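The structure appears right after this line, and notes come after that.
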Amino acid sequence: MKRRASPLLLLAAGLLPHTGCDSKTETVTRGREAGKEVVIQPLSTLEATKQSLKQSDDKSKADLAEIDKKLK
């Protein structure tokens, strides 16, 4: 019985590192993507806020210009 167990044990031991490496690589990849998202999200929010403020400022300037025309 020991003769049969040895090849199976070696086969199992040979396959375990492969599944472990794939799992580790996948975990690292997901971690990096999550890290990127954490860094990029505030920057994206900042850019969206800048654009919104610019549009609001442009609209306010246009409204003021229109009021000035009506007053003259």
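By how many nm would the segment from T25 to T49 lengthen if fully extended, with 0.36 nm per residue of separation less the alpha-carbon distance?
So the chain would gain 5.0 nm between T25 and T49.
I want to check the label-to-label distance for A65 and I40. Put each point 7 Å from Cα in the C-beta direction and report it in nm to one decimal.
3.6
Where a number appears in this text, it was derived from the coordinates with a stated rule and is not lab data. The model shown is predicted, which means the values in this text are computed figures rather than measured ones. Glycine gets a Cβ as well: all are built from the backbone with ideal geometry, and neighbour counts include every protein chain shown.
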